[in-house]
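Asker: Sharing a structure with you now.
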Amino acid sequence: MNPINNLNKLFDSRVRLGIMSALMVNDAVNFNELKELLEITDGNLASHLKALEENNIIKVNKGFIGRKTNTTYAITKAGEKVFKAHIEALEKMIRSTK
Amino acid sequence: MTEHDQSLETLQDIKRMMERSSRFISLSGLSGISAGICALIGAWLAYPYVFGCRPLFIDIHKDFHPGIEVLFNTWLFWIAAGTFFAALITAFIFTYLKSKKEGIPIWGKTAKRLLFNVSIPLIVGGIFLLKLLQFGTFGLVAPGCLLFYGLALINASKYTLDEIRYLGYCQIIVGLINLLFVGYGLYFWALGFGVLHILYGTYMWYKYERSE
């Protein structure tokens, strides 16, 4: 089977890859931290987060710090599995095309 | 661009993002070098007091109260404090400049996590060493500094550039050898905090910052 079939369309964009990478190694990351990390606009980030959330890749937790809202994002079990498969597919492609 | 290159670049992107979001990577090699130089200057200033060429106490007529206040009446205490803050401030400046260049905020989540984890062994060690001073066990202070600092660095290595772990191992080795030669603490202290810092900082600068 062509390994390209295992590549998940959901992770096609660099922004989504960035979000997933950050969430893989942190328990929870808030909106502003992601924004700083990826250096993108609010709207752009929000739309990618929404797409990942709708596919049950990440979960959203709306909390408060004092009076300010603090929305944090974390990876779901399913999301972790899907993302790992995506990385493995990338690795396979590198090996097969060397 | 071939498929191979594209996949490789994506994987490298992922790795970079993982590191950037979980480790404080702005720590500059120049910070290590500057801290090492401060330590060597501090050791040089302390030398005549440690080896008895100059009086230890600032005001020799002052009454001796038992307790920690006696420390404040020694030149060594103020040299040590000055060295510590000089090293801290110069190290901060170089790391601040590096974080600015890379566009990473200096006071982010990763910096807080690093600082917290480095502080635990250092604060515990500091309290323990103060207690040693109170009991007059001066010979164990230098090896104690090296050992606790080494442990702090190993603990820190999970939250910043991983190579700092080897600096930690080396500090512990120097500290342990110092335990066999109690009384020569200043030499070992200068070796650990001075020479090792400079070697480590030079290596890190050469590896990560030279080309930038």
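Asker: Could you work out how far apart the two model spin labels at B:Lys158 and A:Ile40 are, taking each label as a point 7 Å from the Cα in the direction of the beta carbon, and quote it in nm?
Answerer: Output for this residue pair reads 3.0 nm.
Asker: To the nearest 10 degrees, how steep is helix B:164-180 against the longest Cα principal axis of chain B, on a 0 to 90 scale?
Answerer: 20
Asker: Using a 1.4 Å probe on the protein heavy atoms only, what accessible surface does B:Phe94 show? Give it in Å² to the nearest 10.
Answerer: 70
Asker: If you take the Cα atoms of chain A, find Rg, then find the Kirkwood Rh from the mean of 1/r over all pairs, what is Rg/Rh?
Answerer: 1.03
Asker: Return the single residue from B:Asp162, B:Asp59, B:Asp13 with maximal mean-square fluctuation; model: Gaussian network over chain B, springs between Cα atoms under 10 Å.
Answerer: For chain B, modelled as a Gaussian network with Cα springs under 10 Å, the answer is B:Asp13.
Asker: Follow-up question, since we're still on this one. Heavy atoms of the protein only, probe of 1.4 Å, neighbouring chains included. What is the accessible area of A:His86 in Å², nearest 10?
Answerer: That residue has around 10 Å² of solvent-accessible surface.
Asker: Please give me the summed charge of the neighbours of B:Ser21: other residues whose Cβ is under 15 Å from its Cβ, Lys and Arg +1, Asp and Glu -1.
Answerer: +4
Asker: For segment B:119-149, which chymotrypsin sites (Phe, Trp or Tyr not before Pro) pass both filters: DSSP loop (anything but H, G, I, E, B) and at most 14 other C-beta atoms within 10 Å?
Answerer: B:Phe135
Asker: Along Cα→Cβ, 7 Å out, is where each label goes; now give me the distance between the ones at A:Glu53 and B:Leu56 in nm to one decimal.
Answerer: 6.5
Asker: What lysines could a cross-link reach from B:Lys62, if we take a straight Cα to Cα line under 25 Å and drop same-chain neighbours fewer than 8 places away?
Answerer: Straight-distance partners of B:Lys62: B:Lys131.
Asker: Quick check: Cα centre of segment B:1-15 to Cα centre of segment A:29-98, how many Å?
Answerer: Taking the Cα centre of segment A:29-98 as reference, the centre of segment B:1-15 is 19 Å away.
Asker: Where the accessible area of segment B:100-212 is counted over protein heavy atoms with a 1.4 Å probe, how much of it, in %, is carbon and sulfur?
Answerer: Numbers: 4670 of 6280 Å².
Reported share for carbon and sulfur atoms: 74 percent.
Asker: For an R0 of 35 angstrom, estimate the FRET efficiency from the Cβ-Cβ distance between B:Leu179 and A:Asp27 and round to the nearest 0.05.
Answerer: Calculated transfer efficiency: 0.35.
Asker: Report, in listed order, any pair from A:Lys35/A:Lys92; A:Lys9/A:Lys68; B:Lys112/B:Lys207; A:Lys50/B:Lys15; A:Lys50/B:Lys100; B:Lys100/B:Lys207 with a Cα-Cα distance greater than 28 Å.
Answerer: Result: A:Lys35/A:Lys92; A:Lys9/A:Lys68; A:Lys50/B:Lys100 exceed 28 Å.
Asker: Hey, what did segment A:3-96 get for relative contact order, percent, Cα under 8 Å, at least 6 apart?
Answerer: On the way: 99 pairs, mean separation 34.1, N = 94.
Rounded, it is 36 percent for segment A:3-96.
Asker: Using a 1.4 Å probe, what is the accessible area per residue for the protein assembly as shown, in Å²?
Answerer: Ligands and nucleic acids excluded, the figure is 59 Å² per residue.
Asker: Where the accessible area of segment A:3-96 is counted over protein heavy atoms with a 1.4 Å probe, how much of it, in %, is carbon and sulfur?
Answerer: The computed percentage sits at 49.
Asker: Principal axis lengths of chain B from Cα atoms, whole Å, largest first?
Answerer: 79, 32, 28
Asker: How big is the B/A interface in buried accessible area, both sides summed, 1.4 Å probe, to the nearest 100 Å²?
Answerer: 1800
Asker: Please state, as a whole number in µm²/s, the translational diffusion coefficient that the Stokes-Einstein equation yields for the protein assembly as shown at 25 °C and 0.890 mPa s, with Rh defined as the Kirkwood radius across alpha carbon pairs. Don't skip to the end; give the middle numbers.
Answerer: On the way: Rh = 22.6 Å.
Value of D from the Cα-based Kirkwood radius: 108 µm²/s.
Asker: Here is a follow-up. Using Cα atoms only, what is the angle between the long axis of helix A:14-25 and the major principal axis of chain A, expressed in degrees (0 to 90) to the nearest 10?
Answerer: Once rounded, one gets 80 degrees.
Asker: Please report, in whole Å³, the volume per residue of the convex hull around the C-alpha atoms of segment B:103-154. If you can, show how the numbers build up before the last one.
Answerer: On the way: hull volume 3.9 nm³, N = 52.
It comes to 75 Å³ per residue, whole-number rounded.
The values are calculated or read from the model by the stated rules, or taken from the named source; none is laboratory data. This one's a predicted model, so the numbers in the text were calculated from it and none came from an experiment. Ideal geometry is used to build each Cβ from the backbone, glycine not excepted, and the neighbour counts take in all protein chains shown. The protein model used for the area step is the full one, side chains on, heavy atoms only, and it has no ligands, DNA or RNA in it. Shrake-Rupley method; radii C 1.70, N 1.55, O 1.52, S 1.80 Å.
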